[in-house]
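Below you'll find the structure, written out as structure tokens, and then a few comments.
The values are calculated or read from the model by the stated rules, or taken from the named source; none is laboratory data. Keep in mind that what you see is a predicted model, and the values were worked out from it rather than measured. Because the Cβ atoms are built from the backbone with ideal geometry, glycine has one as well, and the counts that use them run over all protein chains shown.
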Amino acid sequence: MGRTVPTFRMLLEEIIVELSIFRKALHGEDRAAFDSLMNKARKHASSCTVAPTLDSMDAVFLSILVEQEKELNSLQEGRHVSAGHQVQSGEQHHNKMD
């Protein structure tokens, strides 16, 4: 028998197709940025699959935010190193969710 519930990857691709009208209205670097965001969401499709109670669009946004947070952290580490600050590899920032 075939699968009756679509996988998150299938849902994600459907969402991207639905957003294609918006994408077509974008120009140049905005369109490239949109494509980059969708690729960020694709990186976390497996994680979204194990959280079935999460709304599909919420999962897309959360996936994008995780990737952007990683990019920001990387930029901040690079800035600290170039400014002469030493970055410790084991340095962690604790938050209430840990």
Please verify whether segment 18-27 includes one or more residues that are of a type in the set (Val, Ile, Thr), surrounded by 13 or more Cβ atoms within 10 Å (Cβ to Cβ), at pLDDT 95 or above and part of a helix (DSSP H, G or I). no
Identify all residues within segment 25-45 that are small (Gly, Ala, Ser) and free of Cβ contacts under 8 Å to residues at least 24 places away in the same chain; write none if there are none. Ala25, Gly28, Ala32, Ala33, Ser36
So, first residue within 14 Å of Met38 (Cβ to Cβ) in segment 61-80, second residue surrounded by 11 or more Cβ atoms within 10 Å (Cβ to Cβ), Cβ within less than 6 Å, six or more apart or across chains; the pairs are Ser63/Ala41; Ser63/His44; Ile64/Leu37; Ile64/Lys40; Ile64/Ala41; Glu67/Lys40
If I ask for residues that are in contact with a His (Cβ under 8 Å, 6 or more places away or on another chain) and charged (D, E, K, R), which ones from segment 25-69 would you list? Glu67
From the set of residues in segment 1-56 that are within 18 Å of the chain's Cα centre (by Cα) and basic (Lys, Arg), which is nearest to Glu67 (Cα to Cα)? Lys40
Residues (aliphatic (A, V, I, L, M), at pLDDT 80 or above and not in a helix (DSSP H, G or I)) located in segment 47-98: Val50, Ala51, Leu54
